Amino acid sequence: MSRRIPSLKALSCFEQTARFGNASRAAEELYLTQSAVSRQIQSLESWLGCKLFAREKQRLILTPEGESYLQSIRPALDQLESATLTLLSGGSESGVLTVAAPPTFGSRCLIPLLPNFRTKHPEIAINFISRIGMPDFDREQIDIAVLFGEGNWSELDPHILHGEEMVPICSPQLIANLDRPAEASDLRNYPLLHIATRPRGWVDWLAASGLHDIDGENGPKFEHFTMAMQAAAAGLGVALLPTFAIEDELKSGRIVAPFGPPQASPFHYYACCPKRRARLPKIRAFMTWLDQLDTAAQLARRIAD
């Protein structure tokens, strides 16, 4: 007897439309036309004998029947994808693992630990790429991404790596004319340099230091930690940077941190993968290695070296 199962294409169109609330966005994700997605959903609704979506303004909202059906089929679709990817990777822990991470954190903190992983899992080759922010895991074929935030990504499985401490730094020449040690209140006399990935960095740091009269929103902006550090070293102003990104430069004396001790950020770095892929052997091997490594302690020691 044949199984009473609708087509996988129809189910994929249904799942992606439910995810985005929009057939056009689902079509982009599936490399189909909007009309093709709409036809697949209409066909599925006809096959099931019920409406799966209701239109609300410009969005498609799941009906109660659609919501119940989605919750029932999603684990099966995830398991099907996981089984397929496992088979494509050779059915074992072998294969190529692609890891994306912010450039400074990746190069200074994570990459130096990878020889340990290679020793434990020589059958897994790692591709390491630079990426800031949330990637498109499917289109970019990324297995694991290092993200900075609160860890509340609903579709991802996050493993905490390390926190972040921020400290103001500048060129020694910038404060050379002071006839006393610099202090936090002196920041009102210098340009504040900003980092695009930490738009509220100065605002939060100044508030925590009780310096509410200093404007923490205006000033030159730089895309990466390295660019902001170079600007500070050149005397353009004071940059607020994570301690792991500037250890070598502080030791060399190229920059100084005279305005007070580092302050902990409320956010952390996480190694993340899509939940539906968390059981893929090569991903499970890497995440297990991170957990067993006691990554926070290892990174802290690496940062302190």
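Along the Cα→Cβ direction, 7 angstrom out, place labels at residue 189 and residue 127. What is the inter-label distance in nm?
In this crude spin-label approximation the distance works out to 5.3 nm.
Leaving out same-chain residues fewer than 8 places away, which aspartates and glutamates sit with a Cα under 18 Å from that of residue 120?
Cα-Cα hits under 18 Å: 93, 291, 294.
With labels modelled as points extended 7 Å from the Cα through the Cβ direction, what inter-label distance (nm, one decimal) is found for residue 50 paired with residue 139?
With each label point 7 Å from Cα toward Cβ, the separation is 3.4 nm.
Is any residue of the range 12-48 close enough, with backbone N under 15 Å, to a label point placed 7 angstrom from the Cα of residue 57 along the Cα-Cβ axis, and if so, which?
From the range 12-48, the list is 21-22.
Relative to the compact-globule scaling 2.2 N^0.38 Å, provide the ratio for the alpha-carbon radius of gyration of the range 11-55.
After normalising by residue count via 2.2 N^0.38 Å, the value is 1.02.
Could you give me the percent of Cα pairs per 20 Å distance bin for the chain, shortest bin first, beginning at zero and ending with the bin that holds the maximum distance?
So the P(r) values, bin by bin, are 27, 43, 26, 4, 0.
Roughly what percent of Cα-Cα pairs across the range 115-226 reach past 17 Å?
Value for the range 115-226: 70 percent of Cα pairs lie more than 17 Å apart.
What does the accessible area of residue 134 come to, in Å² to the nearest 10, when a probe of 1.4 Å is used?
Accessible surface of residue 134 is approximately 100 Å².
Could you grab the relative contact order for the chain? Cα pairs under 8 Å, six or more apart, rounded to a whole percent.
Numbers: 448 pairs, mean separation 66.5, N = 305.
Taking the mean separation of contacting Cα pairs over the length of the chain, I get 22 percent.
Residues of the range 203-228 with backbone nitrogen within less than 15 Å of a virtual label 7 Å along the Cα-to-Cβ line of residue 234, please, listed as ranges.
Answer for the range 203-228: 220-228.
Largest first, what is the accessible-area ranking of 197, 243 with a 1.4 Å probe?
Ranked list, largest accessible area first: 197, 243.
Give me the distance in nm between label points sitting 7 Å out from Cα along the Cα-to-Cβ direction at residue 33 and residue 211, one decimal.
Each label point is offset 7 Å from its Cα along the Cβ direction, giving 5.9 nm.
If N is the number of residues in the range 170-228, what value comes out of its Cα radius of gyration divided by 2.2 N^0.38 Å?
Scaled against compact globular proteins, the figure is 1.17.
List the residues whose amide H sits under 5 Å from the amide H of residue 165, counting only those 5 or more places along or on another chain, with H placed 1.01 Å from N in the peptide plane.
Amide H to amide H, under 5 Å and 5 or more residues apart or across chains, residue 165 pairs with 243, 244, 265.
In the range 112-244, carbon and sulfur make up what percent of the accessible area (probe 1.4 Å)?
Ligands and nucleic acids excluded, carbon and sulfur give 50 percent.
Using mean Cβ contacts within 10 Å as the protection proxy, how do 62-68, 172-178 order, highest first?
Going from most to least packed, we get 62-68, 172-178.
Could you compute the FRET efficiency for residue 153 and residue 7, with r as their C-beta to C-beta distance and R0 at 30 Å, rounded to 0.05?
Values: r = 30 Å, r/R0 = 1.00.
My answer for the efficiency is 0.50.
The values are calculated or read from the model by the stated rules, or taken from the named source; none is laboratory data. Keep in mind that this is a model prediction, so the values were computed, not measured. Note that we place each Cβ from the backbone using ideal geometry, even for glycine, and neighbour counts take in every protein chain shown. Side chains included, ligands, DNA and RNA excluded: accessible areas come from the protein's heavy atoms. Shrake-Rupley method; radii C 1.70, N 1.55, O 1.52, S 1.80 Å.
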